[in-house]
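Beneath this line is the structure, given in structure tokens, with notes to follow.
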Amino acid sequence: MANTLGEELSASLTNITALILKTESKSERTRLTRQQAQIAGQLQVFVDQVVDESLAEYRAASNALDAANAEAQKAKAKLDRVAATIKKFAAAIDKLAALAAKVAARVTGAKRAARRGSPWPECGFPRSTCPAARS
């Protein structure tokens, strides 16, 4: 025997959410998200048409869901901040890599200069920034 419609709706939303999280295709995620919204919209119609809003339990459930959704929004905002932080670290890492490449090139240049007898073989940097030149 098949599950109840409510059980099937709940399972459908859970399964679609799992697929959205796991699929790598943007177009498939978009289609799944659209289908999820359609099922959720139909579920809302069923609840709004069938469940008696005057019940104390209805108000309690509605208030509890409202509080949970507010927490979910706060959590999402934190995740958005984490994502922004990750992007800033990525940009900083790119800048560090560029700096490391430049320093490595100068060190390599200093080693070449030392082999050629450069007056500042200790560092290969301009005299004003070479620690050995300042002494």
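No value in this document is a laboratory result; all are computed from the given coordinates. Computed from a predicted model, the values in this text were never measured in an experiment. Counting neighbours? That spans all protein chains shown, and the Cβs are built from the backbone with ideal geometry, glycine included.
Full extension of the chain between ILE39 and ALA75 gives 10.5 nm of extra length, using 0.36 nm per residue less the Cα-Cα distance. Using the Cβ-Cβ distance between SER54 and GLU7 with R0 set to 25 Å, the FRET efficiency from 1/(1 + (r/R0)^6) comes to roughly 0.45. Above 19 Å, the calculated P(r) of the range 27-104 contains 68 percent of its Cα-Cα pairs. At q = 0.23, 0.35 Å⁻¹, what base-10 log of I(q)/I(0) does the Debye formula yield for the range 32-72 when every alpha carbon is treated as an equal point scatterer in vacuo? With no solvent term, the Cα-only Debye profile gives -0.88, -0.98.
Here LYS76 is the anchor, and the aspartates and glutamates within straight C-alpha reach of less than 18 Å, apart from those fewer than 8 places off in the same chain, are ASP66.
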